[in-house]
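Here is the structure we will look at.
The values are calculated or read from the model by the stated rules, or taken from the named source; none is laboratory data. All of these numbers come straight from a predicted model, not from anything done at the bench. Cβ: placed from backbone, ideal geometry, glycine included. Neighbour counts: every protein chain shown. Accessible surface areas use protein heavy atoms only, side chains included; no ligands, DNA or RNA. Shrake-Rupley method; radii C 1.70, N 1.55, O 1.52, S 1.80 Å.
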Amino acid sequence: MCGRNSLFINQTDLEARFDAVVVADGGYTPRYNIAPGEDLYIITNEASDEIDAYHWGLIPFWTDEPEEGIINARSETADEKRVFERAWESRPCLVPSSGFYEWKSPNGGSKHPYRIHREDDPAFAMAGLWDVWEGDDETISCVTILTTEPNDLMNSIHDRMPVVLPQDAESDWLAADPATRKELCQPYPKDDLDVYEISTRVNNPGNDDPQVIEPLDHEQSGLGEFSSG
């Protein structure tokens, strides 16, 4: 799954990276620790030149009252789920990220957090689906992040990972038909990702500063330092 995200590239570089401008109410604020229920910056297929802020958690359209929503959708079955039906059919989006976080419990013990990022790319894109929940008195634009099977790097930490898109597939994701987009939902090449252990400061969403991404003294990075199992 993907239960915590970050996006802390500066705005000028973010806009240049995705060839889009920030239009979110309140502008853009770098974030080191974005939790479900908060806003994610996204780029939708209907406005590929804009970066907006959407509620992280896709709210079922049939719900009478707003709720936290569904933060992740399995890419293998999203097209079969009623809650994602219209989003999968026609509402893909990009979710920019400077790195996401995952937790591992070695030998069944306490969970240790890790940061997964791209060393050569200060912001990459995860595949998402967006929708708009409509109530009697309000509407909420919302988003969920698609997940897939883990690559060899992530397999040592978790049994799922977000769909990370190669940069040359980002425009295809927004423009393609549903069948083509499903083909893009593949585990990202392990050699293009890096991982290291961080402190448990990330566990508290209130900690939203550069200290969150600092490696522990016994930093573990690279597939070779992880055991499978």
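Computed per residue of the chain from DSSP H runs no shorter than four, each worth -39500 (n - 2.57), the mean residue ellipticity at 222 nm is -3000 deg cm²/dmol. The string of couplings for segment 156-162 from the Karplus curve (6.51, -1.76, 1.60, θ = phi - 60°) is 6, 10, 8, 8, 9, 8, x Hz, one whole number per residue in order, with x for Gly and Pro.
Per-residue SASA remark: S97, around 0 Å² accessible (1.4 Å probe; ligands, DNA and RNA not included). When a/c reaches 1.5 or more, the comparison of a/b and b/c decides; with that in mind, is segment 72-229 rounded, prolate or oblate per its Cα gyration tensor? Judged from the Cα gyration tensor, segment 72-229 comes out prolate (a/c at least 1.5, a/b above b/c). What percentage of the solvent-accessible surface of the chain, computed with a 1.4 Å probe over protein heavy atoms, is contributed by carbon and sulfur atoms? Using a 1.4 Å probe with all protein chains present, the chain comes out at 43 percent carbon and sulfur. Note that segment 4-212 presents 44 Å² accessible area per residue, ligands and nucleic acids not counted, probe 1.4 Å.
The charge dipole of the chain, taken about the Cα centre with unit charges on the Cβ atoms of Lys, Arg (+1) and Asp, Glu (-1), comes to about 740 debye, rounded to the nearest 20.
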